[in-house]
Amino acid sequence: MTGARGGGRITQDMYAIVLTGGKQYQVSPGQTFEVDRLPVPEGVKVELDQVLLLQDGEKVVVGTPTVPGACVVATSLGEVKGDKVIVFRYRAKVRYRRKTGHRQRYTQLRVEDIRLEG
């Protein structure tokens, strides 16, 4: 994995592309990745059932739009905060300056298993 938020290409035998929070993530067993905040406590297993693509060695299953019977089982590792984003509003010639910051919350997940029923 190359990115802190789950980006980058993964070259392993088994992986899946899942959809959660309106974003797509390429995940493989044992991988840790961050998704937009989910309302689950730490240590709870989460099933991501919107699997768009599944590859197991040479076998590739593409969903239309999702793969029926496929799910990714992940364990929640808790919430983390992202990098701070500075918002600076400025209007010229009227002495208007406002500086605020924002830190997005993410849920860290560790992929335990990728299942395909049937």
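The values are calculated or read from the model by the stated rules, or taken from the named source; none is laboratory data. Keep in mind that what you see is a predicted model, and the values were worked out from it rather than measured. Positions of Cβ are backbone-derived with ideal geometry, glycine not excepted, and every protein chain shown enters the neighbour counts.
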Gly3: on the phi > 0 side of the Ramachandran plot and either at pLDDT below 95 or surrounded by 14 or more Cβ atoms within 10 Å (Cβ to Cβ) (or both), yes or no? no
Before we move on, is Leu38 within 16 Å of Tyr15 (Cα to Cα), of a type in the set (A, V, I, L, M), in contact with a strand residue (DSSP E or B) (Cβ under 9 Å, 6 or more places away or on another chain) and surrounded by 15 or more Cβ atoms within 10 Å (Cβ to Cβ)? no
Kindly indicate whether any position in the range 71-84 is of a type in the set (A, V, I, L, M), in contact with a Gly (Cβ under 7 Å, 6 or more places away or on another chain) and either surrounded by 14 or more Cβ atoms within 10 Å (Cβ to Cβ) or at positive phi (or both). no
Those residues of the range 85-109 which are exposed (fewer than 15 other Cβ atoms within 10 Å of the Cβ) and within 14 Å of the chain's Cα centre (by Cα), in sequence order: Gln104, Arg105
The listed residue being part of a loop (DSSP other than H, G, I, E, B), modelled with pLDDT of 95 or more and touching a Gly at 6+ places or on another chain (Cβ under 8 Å), out of Glu34, Glu42: Glu42
Out of all the residues in the range 45-63, which are within 13 Å of Leu19 (Cβ to Cβ) and either outside any strand (DSSP E or B) or over 18 Å from the mean Cα position of the chain (by Cα) (or both)? Asp49, Gln50, Gly63
Name the pairs whose Cβ atoms lie under 6 Å apart, with the first residue in the range 103-118 and touching a residue at least 24 places away in the same chain (Cβ under 8 Å), the second among the charged types (D, E, K, R) and assigned to a strand (DSSP E or B), and 6 or more positions between them or separate chains? Arg105/Glu79; Arg105/Lys81; Tyr106/Glu34; Thr107/Glu79; Gln108/Glu34
So, in the range 64-102, how many residues would count as being more than 30 Å from Tyr15 (Cβ to Cβ), basic (Lys, Arg) and in a strand (DSSP E or B)? 6
Going residue by residue through the range 48-65, is there one that turns out to be in contact (Cβ under 8 Å) with a residue 24 or more places away in the chain and among the charged types (D, E, K, R)? yes
